Amino acid sequence: MKKKYFSRIALISVCAVLLSGCSELENFSTSGNGQQTQEEELVSLGLTPEFNYEVPLNLPNIIVDQVGYAVNSNKIAIFRGEILPDTYELVDAETEEIVYTGSIKEKGYNEITGENISYGDFTDFEVPGTYYLQTEMIGQSYSFVISEDPYGPLFDSALKQYYYSRCGLTLSTELAGSAAHNACHTKTAELKDDTTVQMDVSGGWHIDENGTRNVTEGCQAVNNLLLAYELFGDIFTDEVGIPESGNGIPDLMDEVKYEASWLLKMQDATSGAVYSSVSAIEDSGTSYRLYVEAVTMDATIQFAATMAKFSYLYQSYDREFATVCLKAADRAYRYAEQYLNDVVPEEYFHAAAELYRATGAVQYREAVHQYLSGEEALNLDNDYVFWGSIVYLSTKQQVDVNLCETVITKLLADAEEISYDSKKSKYLTEGNEAQDNNCELLRKMVRLAVVDHIITNHEYMMVLENHLHYFLGRNAACISYLDNAGSRNYIMVDARMGIMKQIDHDAELIVLLSAIQDNLRTIEESNME
C-alpha cells in the first residue's frame with residue numbers, strides 16, 4: 001500500500017487502511033495445550049543492563065557500522081581527530097585493493113564526547129563485498145559488508161530471542177543451539193498470599209536470569225511486536241526456525257501466541273483480575289518453588305489492552321483462540337472499572353482504544369473520546385498514550401475527525417523534533433556520553449517509524465538507519481549492542497548491555513529493523529520495475 005497522502009482526512013484514511021484488521025469476533029471455545037515436564041536450569045535472556053565501563057584508549061578513530069550497509073542506502077563513516085587528511089580509502093578486505101577514495105568533511109567539535117568529528121560519505125559505492133576504511137594518521141576501521149540484505153540475519157535473530165526465553169518448553173539443540181535446555185518451571189505454583197491456592201502458570205517468556213515472568217513487561221513487548229506486524233506485516237516470514245515454523249502463520253504471531261497463552265493463565269477465572277508475575281525461589285538448594293504474585297491494577301488493565309489487540313490481529317489465523325482472548329480482555333477491563341481510582345488514566349485509555357477497535361462497543365468509544373478530549377496536551381512519549389492513539393487512528397469503527405486531527409498533528413510535530421535533534425548531533429543520534437540511553441533512543445525510533453510509514457519521509461528513514469548504525473557500533477565506544485554482531489560486541493565489554501537480552505527493548509528494536517527492512521525491500525522492488 002502506498003503512503004503519499006498529505007491532507008488531514010487522507011492521513012487518517014491511510015492509518016486506518018494500514019493498521020486495521022478483519023471483522024468482529026464470534027464466540028467459540030478452545031482447548032489447552034499439553035505441557036513439558038522435564039526440569040533443568042534455565043537459560044536466561046532478560047538481564048538488567050548497567051553501563052559503568054570505561055572506553056579503552058585503543059579504539060579505532062574511523063567508526064563504522066560493524067555489520068555493514070545496504071547497497072542502496074546511505075553509507076557514512078565517522079572520523080575523529082583534530083588533525084585529519086583530506087581523503088580516505090575504501091579497501092577490499094579480501095584482496096587488500098583500494099576500490100574507492102572519498103573526501104573527509106569536517107563537522108565540528110562534539111561537546112558530548114569531547115571529540116573533533118568529521119564524516120566520510122561513500123553512498124555512491126554500491127559493489128557488494130567486505131571492506132574496511134583507512135587513512136593516514138589515524139589508521140583503519142573495523143571491517144564491514146556492503147550487501148543487498150545486511151540486516152536480515154539480525155532481524156531473524158531479534159525475533160528468535162523470544163523463542164530462547166520461552167519457559168516451560170524444551171528447546172532443542174537443532175533449533176536453539178547453545179541456548180537449548182529442557183523444560184523449566186513446570187511445577188504447580190502457589191499464590192504467594194495464600195499458598196493453599198495452586199495454579200498452573202507454565203509458559204510465557206523469562207524476563208531475567210531467575211526465570212521471572214511478568215505480565216506488564218510481557219504486555220509491553222507484545223504491544224510493540226504487534227505494532228511491527230501491523231505496519232510491516234509482509235516482511236514477517238514463517239521460516240525463522242521455531243517449532244511452529246512452516247505452519248502457515250508468521251512466526252512472530254506464533255511467538256506472541258505463546259506469551260498470550262501464558263497471560264490467560266494469569267487471569268482469575270472468577271473476577272477477571274490479573275496476577276502480576278511469577279517468581280521462582282530456591283527450596284532446600286536442590287529444587288524450587290513457584291509463587292504467583294498478587295493481583296495489580298497495572299497488570300489487569302494492561303492485560304485487557306494487549307489481549308484485545310492480539311485477538312483483533314490473530315482472528316484471521318485462529319478465530320476460536322482469538323475469541324477466548326477477547327473475552328478475557330473484556331473481563332479484565334470490567335474488573336478494572338470497579339477500581340478506577342487505582343487505574344492509571346493512560347493505561348485505561350489504551351485498553352479502551354484496543355477494545356473499541358476490536359468490538360465497536362459504545363462504552364469503549366466514550367472512554368477514548370473522554371481522554372482525547374481532555375484539557376492536557378497528548379503526551380505521545382508515554383507508551384500507553386502512543387499505542388492508544390495509533391489504534392484509534394487505525395480503527396474501522398466510527399471516529400471523531402477532529403480528535404484524529406489532534407493526534408496526527410501531535411505525531412507529526414514529535415517526529416519533526418526527533419528528526420531535527422538527531423540530525424544536529426555529531427553522531428547523528430541523541431546518544432549520550434555514557435551511551436546508557438539506548439532505551440530512550442529505541443522508543444523515539446518507534447514513533448518515527450510509525451510516522452514515516454504514514455507519510456514516507458526520506459529524512460526520517462535516514463534517521464532510522466542512523467540509529468541502527470549507532471546500535472551496531474557507529475558510536476563513541478565502538479560497541480555493537482546486538483547479539484553476535486560486530487567486531488567489538490557488547491559481550492566483550494559488559495554482558496548486561498545487550499538490547500536483545502531485554503524483551504521489551506528487543507521488541508522496539510524489531511520495530512526499527514522492520515521499518516528499515518521494509519524500506520530496503522521497497523527500493524529493491526522499485527529498481528526492478
Check your understanding: In whole percent, what relative contact order does the stretch 167-252 give with Cα contacts below 8 Å and a gap of six or more residues?
Key -> 19
Check your understanding: Roughly speaking, to the nearest percent, how much of the chain's 1.4 Å accessible area is carbon and sulfur?
Key -> 46
Exercise for review: Give me the percent of Cα-Cα pairs in the chain that sit more than 38 Å apart, rounded to a whole number.
Suggested key: 31
Study note, to complete from the structure: For the stretch 74-138, listing trypsin sites (Lys or Arg not before Pro) in a DSSP loop whose Cβ sees at most 10 other Cβ atoms within 10 Å gives none
Review point. How big is the Kirkwood radius of the stretch 412-528, worked out from every pair of different alpha carbons and given in Å to one decimal?
Key: 14.6
Practice item. May I ask which residue of ASN116, THR135, TYR164 lies farthest towards the positive end of the charge dipole of the stretch 73-177, with charges of +1 (Lys, Arg) and -1 (Asp, Glu) on Cβ and the Cα centre as origin? Key: TYR164
Exercise for review: Mind grabbing the accessible area of THR123 for me, 1.4 Å probe, Å², rounded to tens?
Suggested key: 40
Practice item. Sort the following peptides by mean Cβ neighbour count (other Cβ atoms within 10 Å, averaged over residues), highest first: 221-231, 412-422. Key: 221-231, 412-422
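Starting from the Kirkwood Rh over alpha-carbon pairs, what translational D in µm² s⁻¹ does the stretch 385-431 have by Stokes-Einstein at 10 °C and 1.306 mPa s?
Using the Kirkwood radius from Cα pairs, D works out to 130 µm²/s.
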Exercise for review: Calculate the length of the line joining the C-alpha centroid of the stretch 401-448 to that of the stretch 150-209, in whole Å.
Suggested key: 33
Exercise for review: Determine, from the Cβ-Cβ distance of GLU320 and ALA377 and an R0 of 41 Å, the FRET efficiency 1/(1 + (r/R0)^6), rounded to the nearest 0.05.
Suggested key: 0.45
Study note, to complete from the structure: For the table LYS309/LYS444; LYS257/LYS410; LYS187/LYS501, the rows whose alpha-carbon distance is greater than 28 Å are LYS257/LYS410
Review point. Considering only protein heavy atoms, what per residue accessible area in square angstrom results for the chain with a 1.4 angstrom probe?
Key: 42
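Packing-wise, with mean Cβ within 10 Å as the measure, how do 255-266, 137-148 rank, highest first?
With the highest mean Cβ count within 10 Å placed first, the list reads 255-266, 137-148.
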Review point. If ligands, DNA and RNA are left out, what is the accessible area of HIS458 with a 1.4 Å probe, given in Å² to the nearest 10?
Key: 130
Review point. Suppose every K and R has +1 on its Cβ and every D and E has -1 on its Cβ; what is the size of the dipole of the chain about the Cα centre, in Debye to the nearest 20?
Key: 1080
Review point. Over the Cα atoms of the stretch 249-376, Rg to Rh with Kirkwood Rh, two decimal places?
Key: 1.05
Check your understanding: For the stretch 348-451, treating each Cα as an identical point scatterer without solvent, what Debye log10 I(q)/I(0) comes out at q = 0.18, 0.23, 0.24 1/Å?
Key -> -0.84, -1.17, -1.25
Review point. Which whole DSSP H helices in the chain pass both tests: a Cα extent of 24 Å or more along the axis and a mean Kyte-Doolittle value no lower than -0.5?
Key: 215-232, 297-314, 319-337, 401-424, 438-455, 503-528
Check your understanding: Hey, if we sort SER373, SER389 by accessible area with the 1.4 Å probe, largest down, what's the order?
Key -> SER373, SER389
Exercise for review: Pop the C-beta distance of THR95 and ASP234 into the FRET formula with R0 = 30 Å and round what comes out to the nearest 0.05.
Suggested key: 0.20
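The values are calculated or read from the model by the stated rules, or taken from the named source; none is laboratory data. Quick caveat: nothing in here was measured; it's all calculated off a predicted structure. All Cβ positions, glycine included, derive from the backbone under ideal geometry; neighbour counts span all protein chains shown. What goes into the accessible areas is simple: the full protein's heavy atoms, side chains included, and nothing from ligands, DNA or RNA. Shrake-Rupley method; radii C 1.70, N 1.55, O 1.52, S 1.80 Å.
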